[in-house]
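Chemist: Below is one structure. I have some questions about it.
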Amino acid sequence: MIRLFFVAALSSIALWGLAALSALPLSQWASPFANPATLLPEQIFFAFGLMPRAGIALLIGGLLGLSGALMQAVLRNPLADPTTLGVASGAQLALVGATLLWPEALALGRGPVALFGGAVTAGLVMALGARRGFAPVTVTICGMLVGMLASAISTALTLGQGHYLLSLVIWNGGALSQDSWHGVFRLMATLVLGGVAAALLARPLVVLSLGGATAKALGAQVGLTRFAALSLAVILSGMVSAEVGLVGFVGLAAPALVRRLGARSVTQVLLWSPLAGALLLSVSDSALMALAALGGPEMPTGALTGLIGGPVLIALLPKLRNIVPPETERSDLIAPRATHPWKRVAAIVCVTLILTALSLLGGRGPDGWGIISGDIAATFLPLRATAILAAASAGALLALSGAVLQRLTANPMAAPEVLGVTGGAALGYAATLFLFSVPSPFTLAFGSSTGAAVTLIILSAYAMRSDMAPARLLLAGLAVGAFASALLAAVMASGDPRAWSLLGWLAGSASRASVSGALALSVMAVVGLGASLLVSRWFDILPLGAGVARGVGLPLGRVRLGLVLGAGLATGAASVLVGPVSFIGLMAPHIARSLGLVRPASFLAASWCLGVLLMTVAAFGARTASYPYDLPLGLFATLIGAPWLFVALLGRRHS
Amino acid sequence: MASRAGAANLLVDRASPRIAAIDWAPPRIAAIDWAMAETAMALGLPLAALAEKRQFVRGAAITLPDACADLGLRGAPNLEALSLVSPDLILSSNFYSFVEPQLERIAPVYTRSLFVAGEPALPKVLLAMEALADHLDLRAQGQETRAHFETEFDHLAERVSAFADRPFVLMTVGDARHIQVFGADSIYGGALARIGLTNAWAGGTEFGFNAPVPVSKLLAFPDAHLVLVGDVPQNAQRAIRQGALWSALAPVRAGRLLSLSDNNPFGGAPSALRFADHLVTALERA
């Protein structure tokens, strides 16, 4: 391990030196302690720009590595990192809100605002997690839900006010450039204090790593230790967010890397992760600086860590031990089976129909709320009906592929958005935009479907090796998702006019749908439901494992491939019209299951219908909430679904 | 001051009398693109609806009619609101070609390619005035408006002839360490060239959603005038006044730092003219 770290450090120094030499010859390198009045402008930029930047990259990498290692130790979950706990998104929301609504709050700098936002979201996640004794899977789901909520609200706020918040774009990119040593001093103090606190927590965390029950039996303060370690991790990553913005994946990659390199115990991981994180970020940042110095594009460092983080993690995956202990999901109770499942499905259908009719006829216009009047209905209704049909079909398709994926992987967290499939769809969409000068809607649909299917196939190829172990699949999905968003960020950063088209698409508006597009989607949704009902028997067998499935004569490889391809196509087609909306694919099957619909046929039908219901309501909210500004569908799907999911995840244990 | 008021008045006064004189009902025009919106208004055609009106009124060089409806986001215009306006013509640009199929369901769309990376934008924006006028059978009006703008630019060029050999860098400040720079393919860069000044930034415009430019790039222009366009964020204001990097820049040390309030880089000829007018006034005052 040490030799590898040494090589990394050397290459980082070499790359930084290359960038520095191209800015200033060696003979002129200046000390930051020199009197600025005696320095040339170039020397000032060297001493107060380039030099602190090298320091800040190391410090931020170290802080994120430590933060990620702490989170993973506490949650006993190799997927935990500041992003999955919602800390980064919370900080982002606070900054967006402050910039738009209360700019004076930023007079003291972004620090306090970002820290406040990160702390609020983390507090919310922990309050929710506390109800389950911080059970790892629950905390991760809660963190992701809260994070997605926060970023959806940020997006809506930004869109409703125009998109020219350059300072926020920069912050989102995670640019490490510096203009003084203040940031280095602040983060150095944070790292020292955080390191001491982590050292104090190391022993209790070792005890905790034996498992909650064992630790309790040994007399450990399980709840207190977890709370303290998580708080520390949140503060560390919050300080990073405040200082430079969103730098993803380092907190996830660093502990994974040192574990792969042989660190076994909690103490070893805690010790080596900060170093690995520091070197990882330092190499990336120096490489970017050298690239820019050689005439390449200026790229924000946060975007690059996403790009390198994804492939690195996927490469590590097959060798990762399955670290999530099986007991951690045990606390997720299964709802009692419904005695008359089809009655419940019929009730869902009725509610869906009523709400759809209401949202078609009612709404908001320039004169306020009301039911559509006769004289304008002729121009109005076709427009609105198209949008509703498109949204409802997209919801059905996403929910169906979520249901299929959850059954296929026997993993309740599998969903198109969690598995990075929507990320793949987004990449396919972007690629189509750049490959064809004037792509038709169908070309775009094909492109994003291809992207989604390719992502799923790649993911499955890796996951199949161990019969789709949930942790592995999720980690691969996270990696693909981060890779996709990093690439999209780079596309957005290119300043190409097509980035506008991409931005409009990412915002996801149902009114974008053409009549033929909406009809095609609805046909797909109906065909998909019919097909999945025809093979519903498979879904009884698949969760029982590969052995059983082969035993009853299921051609396992082809079945899996077919289902994966179908889910990919459905996701891609849905997302081309309404954007990479999140949550419906995760939420609808969850709700169906918690209504006691366990048998495949009723589960699939109910998920499909709930997808329609959720998306129709979401489309209504998106259309009316800040009329005439159409807001992203994903925001409203999230606003409606997330509270429901919290209740479903947390409430039942006590009832 | 007088000159600024003069330019602004001319823009507004041109509109109404002409329309009344011809006794001709103007078409109901809705605009998605802001540059096209300003183009129509410069021709004296009142807008019935405009996308992102809320944001537009903060930075626009023209005053919208009270009755003008808001159409929501430019990237996702509200089709229901648009259909309620029942427009005769919808103005769009290459930025929004992806929504045009939906707009066509409501009314004919007139679209022009205005902002293309690497291609000068101002000539296209000026040409769009004549082209739109032609499209609406108002050829004379289009030529006259175009001529008026050209004359105004010529006047401004005369006033700044003393600065003709000085390089300028036009930028928007993102945060303390990052800027966006306007090149020849922006209307601001175009206006600068049109009044005979030199844009020191040879590259393309770095605006929109692009990677922001680090402040260190400004080291290459020690002789330039630095022109900050638009609002400067709170924390950046402090950095520009006191920060080590900004204070190290030769133009800042020499006091060649101008700040203009213009805030519509995607506007049309009126925004370009107003920017040029602000710049000339600021230079004369300095």
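Chemist: R0 = 25 Å: FRET efficiency of A:His340 with A:Val548, Cβ-based, nearest 0.05?
Modeler: Numbers: r = 28 Å, r/R0 = 1.12.
My answer for the efficiency is 0.35.
Chemist: What length, rounded to one decimal in nm, is gained on full extension from A:Ser440 through to A:Trp29, with 0.36 nm per residue of separation minus their alpha-carbon distance?
Modeler: Details: separation 411, 0.36 × 411 = 147.96 nm, distance 5.49 nm.
Computed gain between A:Ser440 and A:Trp29 is 142.5 nm.
Chemist: Please state the charge dipole magnitude for the stretch B:82-169, taken about the Cα centre, from unit charges on C-beta atoms (+1 on K and R, -1 on D and E), reported in debye and rounded to the nearest 20. Please list the in-between numbers first.
Modeler: On the way: 7 positive and 13 negative charges, 49 e Å.
Approximately 240 debye in magnitude.
Chemist: Which order do B:Ser113, A:Ser177 fall in if you start with the one that has the fewest other Cβ atoms within 10 Å?
Modeler: Values: B:Ser113 13, A:Ser177 25.
Final ranking by Cβ density, sparse to dense: B:Ser113, A:Ser177.
Chemist: Any idea what the alpha-carbon Rg over 2.2 N^0.38 Å comes to for the stretch B:157-285?
Modeler: On the way: Rg = 13.5 Å, N = 129, 2.2 N^0.38 = 13.9 Å.
Relative to the 2.2 N^0.38 Å estimate, the stretch B:157-285 comes out at 0.97.
Chemist: Run the numbers for A:Thr214 and A:Val7: contour at 0.36 nm per residue of separation, minus the present Cα-Cα distance, in nm. Please report the intermediate quantities before stating the final value.
Modeler: Details: separation 207, 0.36 × 207 = 74.52 nm, distance 4.06 nm.
Difference between extended and current length: 70.5 nm.
Chemist: Let me ask something else. Hey, rough spin-label estimate for A:Thr38 and B:Thr198, points 7 angstrom out along Cα→Cβ, what's it come to in nanometres?
Modeler: 3.5 nm
Chemist: Moving on. Want the number for A:Ser22 to A:Leu193: 0.36 nm per residue separation, take away the alpha-carbon distance, what's left? Mind dumping the intermediate values first?
Modeler: On the way: separation 171, 0.36 × 171 = 61.56 nm, distance 3.61 nm.
Gain on stretching A:Ser22 to A:Leu193: 57.9 nm.
Chemist: Separate question: What does the charge count near B:Leu89 come to, summing +1 for each Lys or Arg and -1 for each Asp or Glu among other residues with Cβ under 15 Å from its Cβ?
Modeler: Numbers: positive: B:Arg28, B:Arg105, B:Arg112; negative: B:Asp33, B:Asp88, B:Glu100, B:Glu104, B:Asp134, B:Asp137.
Here the charged neighbours net out to -3.
Chemist: Measure of size requested: the Rg and Dmax of the stretch B:32-106, with Cα atoms as the atom set and Å as the unit; please supply both.
Modeler: Gyration radius and largest Cα-Cα distance of the stretch B:32-106: 11.3, 31 Å.
Chemist: Same structure again: Can you compute the charge dipole magnitude of the protein assembly as shown about its Cα centre, using +1 on each Lys and Arg Cβ and -1 on each Asp and Glu Cβ, nothing else charged? Give it in debye, rounded to the nearest 20.
Modeler: Numbers: 59 positive and 46 negative charges, 840 e Å.
The calculated dipole for the protein assembly as shown is roughly 4040 debye.
Chemist: What ratio of Cα Rg to 2.2 N^0.38 Å holds for the stretch A:2-329? Display every interim value, and only then the final one.
Modeler: Numbers: Rg = 20.1 Å, N = 328, 2.2 N^0.38 = 19.9 Å.
Dividing the Cα Rg of the stretch A:2-329 by 2.2 N^0.38 Å gives 1.01.
Chemist: For chain B, take the alpha-carbon Rg, divide it by the Kirkwood Rh, and send me Rg/Rh.
Modeler: Details: Rg = 19.4 Å, Rh = 19.6 Å.
Answer for chain B: 0.99.
Chemist: Would you calculate, for the protein assembly as shown, the mean residue ellipticity at 222 nm contributed by helices, counting each DSSP H stretch of 4 or more residues as -39,500 (n - 2.57) and dividing by all residues, to the nearest 500? Please list the in-between numbers first.
Modeler: Working: 39 runs with 595 residues, N = 941.
Calculated mean residue ellipticity at 222 nm is -21000 deg cm²/dmol.
Chemist: Between B:Arg285 and A:Arg537, what is the label-point separation in nm under the 7 Å Cα-to-beta-carbon projection?
Modeler: Here the modelled spin labels are 8.3 nm apart.
Chemist: Would you work out which of A:Ala430, B:Pro214, B:Trp34 lies farthest towards the positive end of the dipole of the protein assembly as shown, given +1 charges on the beta-carbon of Lys and Arg and -1 on that of Asp and Glu, about the Cα centre?
Modeler: It is A:Ala430.
Chemist: With +1 on each Lys and Arg Cβ and -1 on each Asp and Glu Cβ, how big is the dipole of the stretch B:73-132 about its Cα centre, in debye rounded to the nearest 20? Before the final figure, lay out each step's value.
Modeler: Numbers: 4 positive and 6 negative charges, 23 e Å.
With Lys and Arg at +1 and Asp and Glu at -1, about 120 debye.
Chemist: Turning to a different aspect of this structure: Give the whole-number value, in cubic angstrom per residue, of the convex hull volume spanned by the C-alpha atoms of the stretch B:68-223. All intermediate terms of the calculation are to be shown ahead of the outcome.
Modeler: Details: hull volume 21.9 nm³, N = 156.
Looking at the stretch B:68-223, the number lands at 140 Å³ per residue.
Chemist: Going toward the positive end of the dipole of the protein assembly as shown, with +1 on Lys and Arg Cβ and -1 on Asp and Glu Cβ, which of B:Ala147, A:Val192, A:Leu261 do you reach last?
Modeler: A:Leu261
Chemist: First select every other residue whose beta carbon is under 14 angstrom from the beta carbon of A:Leu271; then total the charges, Lys and Arg +1, Asp and Glu -1.
Modeler: Values: positive: A:Arg203, A:Arg259, A:Arg264; negative: none.
Residues near A:Leu271 contribute +3 overall.
Chemist: Counting other beta carbons within 10 Å of each residue's own, what order do A:Ile541, A:Ile44, B:Ile32 fall into, fewest first? Could the numbers behind the result be given before it?
Modeler: Numbers: A:Ile541 19, A:Ile44 22, B:Ile32 27.
If I rank by nearby Cβ atoms, fewest first, I get A:Ile541, A:Ile44, B:Ile32.
Chemist: Grab every C-alpha pair in the protein assembly as shown, bin the distances at 20 angstrom width from 0 up to the longest one, and report whole percents.
Modeler: With a bin width of 20 Å, the distribution comes to 14, 43, 33, 9, 0.
Chemist: Once the Cα atoms of helix B:139-159 and of chain B are each reduced to a long axis, what angle between those two axes, in degrees from 0 to 90 to the nearest 10, is obtained?
Modeler: Orientation of helix B:139-159: about 10 degrees from the principal axis.
Chemist: Please report the base-10 log of the normalised intensity I(q)/I(0) for the stretch B:218-286, using a Debye sum with one equal scatterer per alpha carbon and no solvent, at each q in 0.20 (1/Å).
Modeler: One equal scatterer on each Cα of the stretch B:218-286 leads to -0.91.
Chemist: Follow-up. Residue farthest toward the positive end of the dipole of the stretch A:2-329, with Cβ of Lys/Arg at +1 and Asp/Glu at -1: which of A:Gly111, A:Leu218, A:Met71?
Modeler: Selected residue: A:Leu218.
Chemist: So how do A:Met51, A:Met239 line up by other beta-carbon neighbours within 10 Å, fewest first?
Modeler: By the 10 Å Cβ count, ascending: A:Met51, A:Met239.
Chemist: Find how many whole Å separate the alpha carbon centroid of the stretch A:213-279 from the alpha carbon centroid of the stretch B:120-147.
Modeler: So the separation of the two Cα centres works out to 63 Å.
Computed from the coordinates by the stated procedures, all read-outs in this text should not be read as laboratory data. Treat the numbers as computed from the prediction; the structure is a model and nothing was measured. Here Cβ is always computed from backbone atoms with ideal geometry, including for glycine, and neighbour counts include all displayed protein chains.
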